[in-house]
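The block underneath contains the structure these notes are about, expressed in structure tokens.
The values are calculated or read from the model by the stated rules, or taken from the named source; none is laboratory data. Nothing here was measured: the structure is a model prediction, and the numbers come from that model. Neighbour counts run over all protein chains shown; Cβ positions are idealised from the backbone, glycine included. Keep in mind that these areas ignore ligands, DNA and RNA; they rest on the heavy atoms of the full protein, side chains included. Shrake-Rupley method; radii C 1.70, N 1.55, O 1.52, S 1.80 Å.
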Amino acid sequence: DQQVKQNSPSLSVQEGRISILNCDYTNSMFDYFLWYKKYPAEGPTFLISISSIKDKNEDGRFTVFLNKSAKHLSLHIVPSQPGDSAVYFCAAGSVSNFGNEKLTFGTGTRLTIIP
Amino acid sequence: GAGVSQSPRYKVAKRGQDVALRCDPISGHVSLFWYQQALGQGPEFLTYFQNEAQLDKSGLPSDRFFAERPEGSVSTLKIQRTQQEDSAVYLCASSFTGGNQPQHFGDGTRLSIL
């Protein structure tokens, strides 16, 4: 069963506009969430994270929102830039369980920024 | 370098051969993780070390897969008697501790089994 879901395989956004990427999860034990960005032939690059004690975390153009009751998180990129074109992965973990710190990933959303 | 280093970047092997993939984590990082990524999918967890202790190997798909980190730094993922379904990108990640420290990934080893 897919515990972390990214239901949009792809998204196209005009340069300068806001990009919103969505992620849903089913495991209520998850308490730590991350977004990674991946270019072809490279490993995932960490972007931003959020703990379940917060509902928002911001870092420059990137903001992550967490809605625990809906088991939903989103990544907002504003303004979107051509260099943001990549595959974005949502990941979740359970940091409160010592020794169980693996991440569970979604299948990714390919974001294309149109100049 | 400052990042996670994996070698080789590409590996082609014939079915039935043994392969060994190396991961050199970020200096000082205590936690080390291996993931497998199939085409069009997200990374899937294989195994996790804290220093030299392998705390979780629940994701290893079969007893043909073996990982070690004998001195708590460099790690090797070994696959014995490779099968075609082992073809994937194998990613290594490290973090300073576990917990809410982000995992930083290497560029992976792309393994192709003929």
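Against the criterion of being without any contact (Cβ under 8 Å) to a residue 24 or more places away in the chain and on the phi < 0 side of the Ramachandran plot, B:Phe45 qualifies.
Just one of the listed residues (A:His72, A:His76) is more than 10 Å from the chain's Cα centre (by Cα), open to solvent by 20 Å² or more (accessible area, probe 1.4 Å), modelled with pLDDT of 95 or more and away from chain B (no Cβ under 11 Å), and it is A:His72. For region B:82-111, a tally of residues being touching a residue at least 60 places away in the same chain (Cβ under 8 Å) and either open to solvent by 10 Å² or more (accessible area, probe 1.4 Å) or part of a loop (DSSP other than H, G, I, E, B) (or both) returns 14. Being open to solvent by less than 10 Å² (accessible area, probe 1.4 Å) and without any contact (Cβ under 8 Å) to a residue 24 or more places away in the chain holds for only one residue in A:Gly93, A:Gly106, A:Gly60, A:Gly43, and it is A:Gly43. Of all the numbered requirements in (1) within 20 Å of B:Ser95 (Cα to Cα); (2) touching a residue at least 12 places away in the same chain (Cβ under 8 Å); (3) open to solvent by 60 Å² or more (accessible area, probe 1.4 Å), A:Ser49 misses one, and that requirement is (3). The set of residues in region B:6-34 being among the polar types (S, T, N, Q) and assigned to a strand (DSSP E or B) consists of B:Gln6, B:Ser7, B:Ser31.
Yes/no per residue for (1) of a type in the set (A, V, I, L, M); (2) on the phi < 0 side of the Ramachandran plot:
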| position | (1), (2) |
| --- | --- |
| A:Cys23 | no, yes |
| A:Tyr32 | no, yes |
| A:Trp35 | no, yes |
| A:Ala41 | yes, no |
| A:Ile48 | yes, yes |
| A:Ser52 | no, yes |
| A:Glu58 | no, yes |
| A:Lys68 | no, yes |
| A:Lys71 | no, no |
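In summary, B:Trp34 fulfils each of the numbered conditions (1) more than 11 Å from every other protein chain (Cβ to nearest Cβ); (2) within 17 Å of A:Glu101 (Cβ to Cβ); (3) touching a Ser or Thr at 6+ places or on another chain (Cβ under 6 Å) with the single exception of condition (1). The single residue among A:Ser12, A:Ser19 that is buried (at least 19 other Cβ atoms within 10 Å of the Cβ), at pLDDT 95 or above and more than 14 Å from chain B (Cβ to nearest Cβ) turns out to be A:Ser19. Reported count of residues in region A:73-90, each being of a type outside the set (Ser, Thr, Tyr) and in contact with a Gly (Cβ under 7 Å, 6 or more places away or on another chain), is 4.
Cβ separations smaller than 8 Å between residues 6+ apart or across chains give the following pairs from region B:1-28 residues that are free of Cβ contacts under 8 Å to residues at least 60 places away in the same chain to residues that are among the basic types (Lys, Arg) and assigned to a strand (DSSP E or B): B:Ala20/B:Lys78. Among the residues of region B:63-81, none is identified as without any contact (Cβ under 8 Å) to a residue 24 or more places away in the chain and within 14 Å of chain A (Cβ to nearest Cβ). Here B:Gln41 fulfils each of the conditions (1) in contact with a Ser or Thr (Cβ under 9 Å, 6 or more places away or on another chain); (2) in a strand (DSSP E or B) apart from (2).
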